[in-house]
Amino acid sequence: MQINRLLKIDESDNVLVALVDLEPGEITHEDLRLTLQQPVAQKHKFLTTDLLKGDKVVMYGVPVGMANWDLKAGTVITIENVTHFADEVVIRDQTRYDWQVPDIAKWHGRTFNGYHRPDGSVGTANYWLFVPLVFCENRNLKVIEEALSKGLGYHKPNRYEEYVRTKVSSQTAFQAASSQQQVFENIDGIKFLYHHGGCGGTRQDSETLLRLLAGYVSHPNVAGATVLSLGCQHAQIDWFQQIQKELYPQIQKPVIFLEQQKLLSEEKLITEAIDQTVEQLSVVNRIERQPAGLDKLVVGLECGGSDGFSGISANPAVGHASDLIVALGGATILSEFPELNGVEQNIVDRCVSREVAEKFLRIQRAYEARAKAVGSGFDMNPSPGNIKDGLITDAIKSAGAAKKGGKAPVRAILDYTEPVTEPGLNLLCTPGNDVESTTGLAGSGANVILFTTGLGTPTGNPITPVIKISSNTALYNRMNDLIDLDAGGITRGEASIEQIGEEFLEKIIAVASGQKTKAMELEQNDFIPWKRGVSL
C-alpha cells in the first residue's frame, strides 16, 4: 500500500502538510513540482508559492499567518518566519446558513441506557457528589472520602470506616462492604470536588464558583449531593441556593446542606454528613438505567496536547460525530474560545441569528482584551509542544481545533457556567487550558466529553465520562493506557473522516450506556474552576 506523503487541506491553501518526514530536494504533488529548501518534519507545513513580506499564509482556506520576510516556495513555515494573522470579522446581512445534514438513517430508533431525571434530562452515569463551598472544607472532605470510599466498597481506610459500615448495616438491607464489594450497585461512585475558592479574591470569583458548582450539583449524571460550608466565607449556602434556583429551576434531587460553624464539632459535621448521605444513597440507588433517545446526548468537544495531525484527523472526525448528534436532535458543546481566534468569521457566518453572532463577538473580544491588558493575547496560545509539532500560530491551531464543531449551525453562545438549553451546536466560553475547559463543559451540562490529543494527555472529569482520541496511531500505541480511540487511519488514507466519526458515535452510545473509559478506569477526576482571570 502506498503511504500518503503530502496533504493539501483546502484548494485555496498555499501550504502543504508533510504526513511523513521529508528530505530536501524536488517533490511533486498532483500538478505541483517544487524544491524543498530544507528537511520537513512530519506534521509541519511548507509553502507551495513564493511569498513577499506581509503576504498571507493560507491553510484550511483561511489566513493563518503573515510572512515576516520574502519566502520562497518549499520553505518550511516557522515561528521565526511567520507571524500570527487573522482577518477582521464582520457580521454580514445574509440568508439562513445552509449545511449538508449527514445521513442518520442507521441511527433512527437507536437508544442508550441512561438515568432518567425528573426534569427530563438523562444521565450517562449516577454519582453522588460532595461539594465544598470553600477551600476550608477540603480537609473534612478528604476524611469523608476515605471513610465512604472504603466503607461503601469504592476505596481506602480511616477511623470513620467502621462507622460507615455500621451505618450502612442499620440504614439499609445491604451487608457491610468488603474492600472489593460495592454496597450501592446503581451508584457509580461518590465524587468529591476539591478546589481553592469560595473566600478571598473578589466577590465575582465566588459568584462564578457558585454558578459552576450549581451546574455540577444539577448535572444529569448526579443523583444528589452533600454541600459543606464553613459559615463565614463569601460563598454562602443561601447564595448558592439562589443561584441554583435561578439557573436550574426544574431540578429535583436530594441536596444535603451542612454548615460547620453551626455544629458542635468537626466530628459532628463528618458524622452528620455520613449519616444523611447514606440515607439518601439508599433512595437514589433505586434509580436504574433505562433506554433513552440519542436526542438526550449532550456531548462536549475538547482537545488538548494537540499536534500537527489533530486538525486533519481526530478533530474533523469529532466534527462529523458532532454533526450526527445534532442531526439526531442532541446537543454538542464546542469550548476553548482562544482556539477560535482566526476562524471567528466562519463561526459568525454559521450563527442562526444576528443576536447569537453578536454575543459570540462580544464575549470573544472582551476575553482577548483582558489577555492583552496583562501583556498576553490569543496569539500566545500555542504551547511549546504545539509549536514543536507544527502548530506555529494560533490561527493554525484554531482552524484545526474548530473542526471539532463540524459544519452544523451555531444555535447558542454560552458564557462560562451558562447551562445548555438548546439542542444543536453550542459554543461555550472557556480557556484553552485542558482541565479548566473540561471542568466548564461538565458544568454546563455535557454528559459525555470527546477529547482529542496528538501528544497525549491524562485528563478526565469527576462526573462526566471523557473519551480520549488520538490523532495519530503512534501515540495510540504508545499511550494506550490513557487513550480510547485512534483516528490515525485518516492520515494514512485507510479510513475516511466520516467512517471514523461514525465509530466515535458508536463509542459515545456505549459509554453513555455504562461502558467505562480509560480516564474512568484510572480515576482521573480533574476539576479546576476558571477564575475568569487570564488563562489561555
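Among beta bridges identified by DSSP and lying wholly in the chain, the antiparallel ones come to about 40 percent. Judged by the gyration tensor of its Cα atoms, with axes a ≥ b ≥ c, segment 181-302 is oblate; a/c meets the 1.5 cut and b/c is at least as large as a/b. Neighbours of T202, meaning other residues whose beta-carbon lies under 15 angstrom from its beta-carbon, give a summed charge of +3 when Lys and Arg score +1 and Asp and Glu score -1. Once you sort the root eigenvalues of the Cα gyration tensor of segment 292-397 as a ≥ b ≥ c, which label holds: rounded (a/c under 1.5), prolate (a/b larger than b/c) or oblate (the other case)? Oblate is the answer for segment 292-397, as a/c is 1.5 or above yet b/c matches or exceeds a/b. The helix-based estimate of mean residue ellipticity at 222 nm for the chain, built from -39,500 (n - 2.57) per DSSP H run of four or more residues and divided by its residue count, is -9000 deg cm²/dmol to the nearest 500. Karplus-derived 3J(HN,Hα) values for segment 188-204, using 6.51 cos²θ - 1.76 cosθ + 1.60 with θ = phi - 60°, are 6, x, 10, 10, 10, 9, 6, 7, 10, x, x, 7, x, x, 9, 4, 5 Hz; glycine and proline are entered as x. Across segment 189-334, the mean sequence separation of Cα contacts (distance under 8 Å, 6 or more residues apart), normalised by length, yields a relative contact order of 19 percent. Can you pick out the pairs among K404/K518; K53/K468; K142/K262; K72/K359 whose Cα atoms lie more than 30 Å from each other? Listed pairs above 30 Å: K53/K468; K72/K359.
Listed from fewest to most Cβ neighbours within 10 Å, the set E161, E355 follows the order E355, E161.
Taking amide H positions as modeled 1.01 Å from N, with prolines and chain starts lacking one, no residue 5 or more places away or on another chain lies under 5 Å from L482. Fewest neighbouring Cβ atoms within 10 Å first, the residues C232, C429 line up as C232, C429. Relative to the longest principal axis of the Cα atoms of the chain, the long axis of helix 266-284 lies at roughly 80 degrees.
Exposure proxy ranking for M479, M59, M520, based on other Cβ atoms within 10 angstrom of each Cβ and starting from the fewest, stands as M479, M520, M59.
Between the Cα long axis of helix 237-247 and the first principal axis of the chain there is an angle of about 50°, rounded to the nearest 10. Applying the Karplus relation 6.51 cos²θ - 1.76 cosθ + 1.60 with θ = phi - 60° to segment 505-516 yields 3J(HN,Hα) values of 5, 4, 5, 4, 4, 5, 5, 4, 8, x, 5, 7 Hz, where x marks Gly and Pro. Dividing the mean sequence gap of close Cα pairs (under 8 Å, 6+ apart) by how many residues the chain holds gives a relative contact order of 17 percent. Once C-alpha pairs closer than 8 Å and six or more residues apart are averaged by separation and normalised to the residue number of segment 273-370, the relative contact order reads 28 percent.
Put simply, the amide H of L425, placed in the peptide plane, has neighbours under 5 Å in T332, R411, leaving out anything fewer than 5 places away on its chain. Rounded to the nearest Hz, the phi-derived 3J(HN,Hα) couplings of segment 430-436 under the Karplus curve 6.51 cos²θ - 1.76 cosθ + 1.60 (θ = phi - 60°) are 9, x, x, 3, 3, 6, 4, where x marks glycine and proline.
All of the numbers you see were taken from the coordinates with simple rules; none came from a lab. What you see is a predicted model; the values in this text were computed from it and never measured. Note: ideal-geometry Cβ built from the backbone for every residue, glycine included; neighbour counts use all protein chains shown.
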